[in-house]
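Reviewing the structure listed below.
The values are calculated or read from the model by the stated rules, or taken from the named source; none is laboratory data. This is a predicted model, so every value here is computed, not measured. Reconstructed Cβ throughout: ideal geometry from the backbone, glycine too, with neighbour counts over all protein chains shown. We work out accessible area using only protein heavy atoms, side chains counted, and drop any ligands, DNA or RNA first. Shrake-Rupley method; radii C 1.70, N 1.55, O 1.52, S 1.80 Å.
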Amino acid sequence: MTQITHPDEVVAIHERVLDGSRAQGRHIEVGSGRQVHVIEGGDGPPLVLLHGSGLSALQFLPLLERLDGVRAIAVDRPGYGLSDPIDLPRDRYRDAVIEWLDSLLDALGLDVTALLGNSMGGVWALWYAMAHPNRVRRLVLLGAAPLLPDTRIPPPLRVMAIPKVVELLQRVMKPSPKTVVQMIGSMGEKETIVNYPDQIEALVAAGHDPVASQVNFAE
């Protein structure tokens, strides 16, 4: 099996940020030998957190450090953060996502868990809860498009799903601290993100990761 590696810049920011946190990162093997990176903190009933497109489990670190009474497990979805990518066929994407999450919970030793998903991670969490309600104790969706029958995707997201548009955006929008703050600011969170320079640095590093970029483009 070919080893997939993320840039040293991405690895370094994870090591530095986690070194100063109560939460701990580790790798687990899921499915056919692929490595999945998770960040864990706290004790209590399990809560699995799934991030959105273009992000990583580091996104949840400020939240993990404030949660109490739960065992929080933030997961780098395949290809993001420090996790290996996997094959998610376009013609059976939803089924493959559900199978992967099933294997993930098995690898974590969780028969039942609460699931929290943001953006595309929320879509994954919703799909899994619908497929396996017996394994999901509670579902939390943060800014997640439901992608259910008869729902409509907002026009800006439909435009961003056009391959040539995505290719153009990747060429002209080079990640930098300034562009990250502008992007987060467009979502109404500029005053928040500027208080978390580590998050800005992690987002810039992720934007220069060819593995994550390829997965993000495919997604």
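How many of the residues making up segment 105-117 are open to solvent by 50 Å² or more (accessible area, probe 1.4 Å) and either of a type outside the set (V, I, T) or under 16 Å from the mean Cα position of the chain (by Cα) (or both)? It would help to see each step written out before you state the result.
Kept after step one, since they are open to solvent by 50 Å² or more (accessible area, probe 1.4 Å), are these residues of segment 105-117: 106, 109, 111-112.
Narrowing further to those that are either of a type outside the set (V, I, T) or under 16 Å from the mean Cα position of the chain (by Cα) (or both): 106, 109, 111.
The number of residues fulfilling the criteria is 3.
Listed here are the residues, each with its yes/no results for (1) closer than 30 Å to P149 by Cα; (2) not basic (K, R).
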| site | (1), (2) |
| --- | --- |
| A12 | no, yes |
| R22 | no, no |
| G25 | no, yes |
| L50 | yes, yes |
| L55 | yes, yes |
| L58 | no, yes |
| R71 | no, no |
| G79 | yes, yes |
| I86 | yes, yes |
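When segment 35-54 is examined, which residues are found to be crowded, with 17+ Cβ neighbours inside 10 Å and more than 22 Å from W127 (Cα to Cα)? Answer for segment 35-54, where residues must be crowded, with 17+ Cβ neighbours inside 10 Å and more than 22 Å from W127 (Cα to Cα): I39, E40, G41, G42.
Screening segment 159-219 for helices (runs of 4 or more DSSP H) wholly inside it with 3 or more residues that are open to solvent by less than 80 Å² (accessible area, probe 1.4 Å) and either at pLDDT 90 or above or of a type in the set (V, I, T) (or both) returns the ranges 177-185, 197-207, 210-218.
Every listed requirement among (1) of a type in the set (G, A, S); (2) open to solvent by less than 20 Å² (accessible area, probe 1.4 Å); (3) in a helix (DSSP H, G or I) is met by A12 save one, (2).
So if I check each of V97, V123, which one is at pLDDT below 95, surrounded by 17 or more Cβ atoms within 10 Å (Cβ to Cβ) and part of a helix (DSSP H, G or I)? Selected residue: V123, the only one of V97, V123 that is at pLDDT below 95, surrounded by 17 or more Cβ atoms within 10 Å (Cβ to Cβ) and part of a helix (DSSP H, G or I). Of all residues in segment 55-74, exactly one satisfies the criterion of being open to solvent by 30 Å² or more (accessible area, probe 1.4 Å), closer than 21 Å to H208 by Cα and assigned to a loop (DSSP other than H, G, I, E, B), namely L55.
Screening D102 with (1) open to solvent by 20 Å² or more (accessible area, probe 1.4 Å); (2) closer than 15 Å to R135 by Cβ; (3) touching a strand residue (DSSP E or B) at 6+ places or on another chain (Cβ under 8 Å); (4) of a type outside the set (V, I, T) gives one miss only, at (3).
Quick one: would you say I28 is in contact with a strand residue (DSSP E or B) (Cβ under 6 Å, 6 or more places away or on another chain), surrounded by fewer than 21 Cβ atoms within 10 Å (Cβ to Cβ), in a strand (DSSP E or B) and among the β-branched types (V, I, T)?
On the way: in contact with a strand residue (DSSP E or B) (Cβ under 6 Å, 6 or more places away or on another chain): yes; surrounded by fewer than 21 Cβ atoms within 10 Å (Cβ to Cβ): yes; in a strand (DSSP E or B): yes; among the β-branched types (V, I, T): yes.
For I28, the condition - in contact with a strand residue (DSSP E or B) (Cβ under 6 Å, 6 or more places away or on another chain), surrounded by fewer than 21 Cβ atoms within 10 Å (Cβ to Cβ), in a strand (DSSP E or B) and among the β-branched types (V, I, T) - is met.
Just one residue in the set L142, L82 is under 27 Å from P197 (Cα atoms) and open to solvent by 30 Å² or more (accessible area, probe 1.4 Å); that residue is L142. Scanning segment 126-139 for residues that are out of contact with any Pro (no Cβ under 8 Å at 6 or more places or on another chain), open to solvent by 70 Å² or more (accessible area, probe 1.4 Å) and in contact (Cβ under 8 Å) with a residue 24 or more places away in the chain yields a total of 1. Count of segment 73-89 residues, restricted to those that are modelled with pLDDT of 95 or more and either among the β-branched types (V, I, T) or under 22 Å from I200 (Cβ atoms) (or both), is 10. Across segment 44-68, the qualifying residues are those that are small (G, A, S) and at pLDDT 95 or above, and the one among them that is nearest to G109 (Cα to Cα) is G44.
Within segment 30-42, the set of residues being modelled with pLDDT under 95 and charged (D, E, K, R) comprises R34 only.
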